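So the structure is just underneath, and the comments pick up after that.
The values are calculated or read from the model by the stated rules, or taken from the named source; none is laboratory data. Predicted, not measured: the structure shown is a model, and the values here were computed from it. Cβ atoms come from the backbone with ideal geometry, glycine included; neighbour counts cover every protein chain shown.
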Amino acid sequence: MLNQSLTFLENRLNQQLMREKNINEKLLVLTNISNIDGDKDPRNANKIVMSLVNIEEDANIKNINTGIPTSTAAQAEPFHLNCYILFSSQFEGNSYTTGLSYLSSILSFFKNNAIFSQQNAPELNPAFMRLSVELSNQSFETMHHLWQALGTKYRPSLLYKMRLLLDVNEGRKQEIHAINQIKSTSSIK
């Protein structure tokens, strides 16, 4: 589910960047910012790196199933998930401003395309009832800690919160029936 939602965004952003910048190569890659030993990955040079940096259940919106179904499909409540995605510019030297231009395009894209569903994105997995993206405003201190945890030096970047509303019942619905009568074979004395 995570890979599908992130790959969906990666493809949509690459389509937009390729169209807007009139280029034929994908400049946004879904990968780690650095190698496991903390070194820069040379394959990420002159790219925008999209990385998943945190996942949490959205406790503020968590639903509680309060009713017993009556002759209907047994269903779990939708699952609310927040994923934090870091878009970092890996452009250096004379290309630094090119990286900033791509980050600006990402800002613009999400400003105009903040919510995705089956209605406006038919290629989206049907289990995703809704996928929304919003810029996550963090303090300098929080961003400093994030980059430290990533084990690399700061790069110009954007941090977004992707909210997923998942239909955990998709593809596994079953019919159940309400209990109408209880029969007992023992007598009460």
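Within the set of pairs 6 or more residues apart or between chains, which connect a residue that is in contact (Cβ under 8 Å) with a residue 24 or more places away in the chain inside region 138-167 to a residue that is among the basic types (Lys, Arg) and part of a strand (DSSP E or B) with Cβ atoms less than 6 Å apart? Here the result reads Leu165/Arg130, each pair linking region 138-167 to a residue that is among the basic types (Lys, Arg) and part of a strand (DSSP E or B).
Considering only residues that are outside any helix (DSSP H, G or I) and of a type in the set (D, E, K, R), look in region 127-147 and name the one that is surrounded by the fewest Cβ atoms within 10 Å (Cβ to Cβ).
Kept after step one, since they are outside any helix (DSSP H, G or I), are these residues of region 127-147: 127-139.
From what is left, the residues that are of a type in the set (D, E, K, R) are 130, 134.
Details: Arg130: 16, Glu134: 13.
In this case the residue turns out to be Glu134.
If you filter region 54-83 down to residues that are at pLDDT 85 or above and surrounded by 15 or more Cβ atoms within 10 Å (Cβ to Cβ), you find that the one that is farthest from Gln138 (Cα to Cα) is His80.
Checked against (1) among the acidic types (Asp, Glu); (2) under 19 Å from the mean Cα position of the chain (by Cα); (3) at pLDDT below 95, Glu175 passes all but condition (2). Which residue, of Arg43, Arg19, Arg12, is closer than 26 Å to Gln148 by Cα and either surrounded by 13 or more Cβ atoms within 10 Å (Cβ to Cβ) or out of contact with any Ser or Thr (no Cβ under 6 Å at 6 or more places or on another chain) (or both)? Result of the check over Arg43, Arg19, Arg12: Arg43. Each residue in region 33-50 was checked for being part of a loop (DSSP other than H, G, I, E, B), among the aliphatic types (A, V, I, L, M) and within 22 Å of the chain's Cα centre (by Cα), and 1 pass. When Leu107, Leu131, Leu146 are screened for being of a type in the set (A, V, I, L, M) and under 27 Å from Gly38 (Cβ atoms), only Leu146 passes. Select from region 84-96 the residues that are touching a residue at least 40 places away in the same chain (Cβ under 8 Å), of a type in the set (S, T, N, Q) and farther than 17 Å from His144 by Cα and write down the one among them that is surrounded by the fewest Cβ atoms within 10 Å (Cβ to Cβ). So, considering only residues that are touching a residue at least 40 places away in the same chain (Cβ under 8 Å), of a type in the set (S, T, N, Q) and farther than 17 Å from His144 by Cα, the one surrounded by the fewest Cβ atoms within 10 Å (Cβ to Cβ) is Ser95. Taken over region 100-126, residues that are in contact with a Pro (Cβ under 9 Å, 6 or more places away or on another chain) and assigned to a loop (DSSP other than H, G, I, E, B) amount to 1.
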